[in-house]
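These notes are about the structure you will find just below.
The values are calculated or read from the model by the stated rules, or taken from the named source; none is laboratory data. Everything numeric here is computed off the predicted structure, so don't read it as measured data. Cβ placement follows ideal geometry from the backbone for every residue including glycine, while neighbour counts extend to all protein chains displayed. Note: areas computed on protein heavy atoms with side chains; ligands, DNA, RNA excluded. Shrake-Rupley method; radii C 1.70, N 1.55, O 1.52, S 1.80 Å.
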Amino acid sequence: MAISAKDVQTLRERSGCGMMDCKNALVEANGDMDKAIEILREKGLAAQVKKAGRIAAEGLVYAKTEGNVTVLIEVNSETDFVAKNQKFVDFVDACADAAIKGNPADVEALMEVCPTGGDTLTAMLQNLILQIGENMKVRRFARLEGHVASYIHGGGRIGVLIEYDAPDAVAESDACKLAMKDVAMQVAAANAQYLNEEAVPTDVIENEKRILTIQAMNEGKPENIAQKMVAGRIQKFYKEVCLLDQPFVKDPDISVAKYVENVGKELGGTITIKGFVRYERGEGLEKRSDNFAEEVASMMK
């Protein structure tokens, strides 16, 4: 049967697929619009299996707060271009909202949530992959309750949550929120690994001491002198990796701990940093490196 251009356009708008894919699906479905959508979904989901092996190391780190709950989530895509697609952004927001309301135990549980009472997030993601044509993946999320400050840097490249404790009047003041955002920006910029010295694992400290001792002895220092040098150098190590020990970025003459203490005194209450979460988009993932010439040659075939 003849397939009209209007029907092809309608199917394209409903499915988000290409013109030729829509036309072929309508031909296969004898013009039945719903059947054609099913065919596209079937083909899209089949193609998704092939896409699943493709590296998704771009994407978005996103924060959302509702009431006393804040979520930081990372959803990956293959290209930065797709990460700016409004449909992708809306999906990330739906994931964050589901994590806030459903309090899932992990990503697997999150993906089984039905945000609108219809499709699960898994089904929504599969449909998005069908429409956009890239592999995408919900990688991780953190959900914190209580007093939490969030900061997103570089349009979703880095996201930070700061969990803190303070009297409600202090914690809810604009001055305290601004100070906690400063601390979150510190984490984004200086990339602390631990909250404080007590949080550094013993094996990490021992390994660092071993390395510093060898360095000192390689400088020609006797072992007893090297040991004394290590004691000083380990403090420098703490200042590099522990948030509260780090020099405050906006005032390097004081530590982050001292800055928080000063803010608390000014506001009339003690502020305690309880912990932090830092996500950097694609960290630890292999980056995609396409050879453009090979891609064009492949398309020509």
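Being modelled with pLDDT of 85 or more, touching a helix residue (DSSP H, G or I) at 6+ places or on another chain (Cβ under 7 Å) and closer than 17 Å to K274 by Cβ narrows it down to one residue among A179, A175, A199; which is it?
Just one listed residue meets the conditions, A179.
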Selection within segment 6-35 - at pLDDT 85 or above, among the small types (G, A, S) and closer than 24 Å to A123 by Cα: A25, A29
The one condition in (1) touching a residue at least 12 places away in the same chain (Cβ under 8 Å); (2) within 28 Å of the chain's Cα centre (by Cα) that T213 fails to fulfil: (2)
Helices (runs of 4 or more DSSP H) wholly inside segment 74-152 containing at least 2 residues that are open to solvent by 40 Å² or more (accessible area, probe 1.4 Å) and touching a Pro at 6+ places or on another chain (Cβ under 9 Å): 86-102
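State which residue is farthest from G154 (Cα to Cα) when the search covers only segment 36-67 and only residues that are of a type outside the set (D, E, K, R) and at pLDDT 90 or above.
G67
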K301 vs. criteria modelled with pLDDT under 95 and either exposed (fewer than 11 other Cβ atoms within 10 Å of the Cβ) or over 27 Å from the mean Cα position of the chain (by Cα) (or both): yes
Checking S150 against (1) among the polar types (S, T, N, Q); (2) modelled with pLDDT of 95 or more; (3) under 24 Å from L40 (Cβ atoms), the condition it does not meet: (3)
Filter result for L40 (surrounded by 15 or more Cβ atoms within 10 Å (Cβ to Cβ) and closer than 14 Å to Q131 by Cα): yes
Criterion (within 21 Å of A257 (Cα to Cα) and β-branched (V, I, T)) met by exactly one of V187, V204: V187
Filtered residues of segment 13-22 (kept if assigned to a helix (DSSP H, G or I) and either touching a Lys or Arg at 6+ places or on another chain (Cβ under 9 Å) or small (G, A, S) (or both)): S15, M19, D21, C22
Filter result (more than 25 Å from Y62 (Cβ to Cβ) and either surrounded by 15 or more Cβ atoms within 10 Å (Cβ to Cβ) or of a type in the set (S, T, Y) (or both)) within segment 172-185: S173
Flag if T122 is under 19 Å from the mean Cα position of the chain (by Cα) and either acidic (D, E) or modelled with pLDDT under 95 (or both): yes
Residue among A188, A169 that alone is of a type in the set (G, A, S), part of a helix (DSSP H, G or I) and open to solvent by 40 Å² or more (accessible area, probe 1.4 Å): A169
Some residue of segment 222-242 being under 31 Å from the mean Cα position of the chain (by Cα), closer than 24 Å to S150 by Cβ and not polar (S, T, N, Q): yes
Residues (of a type in the set (A, V, I, L, M) and over 24 Å from the mean Cα position of the chain (by Cα)) located in segment 257-290: A257, V260, V263, L267, I271
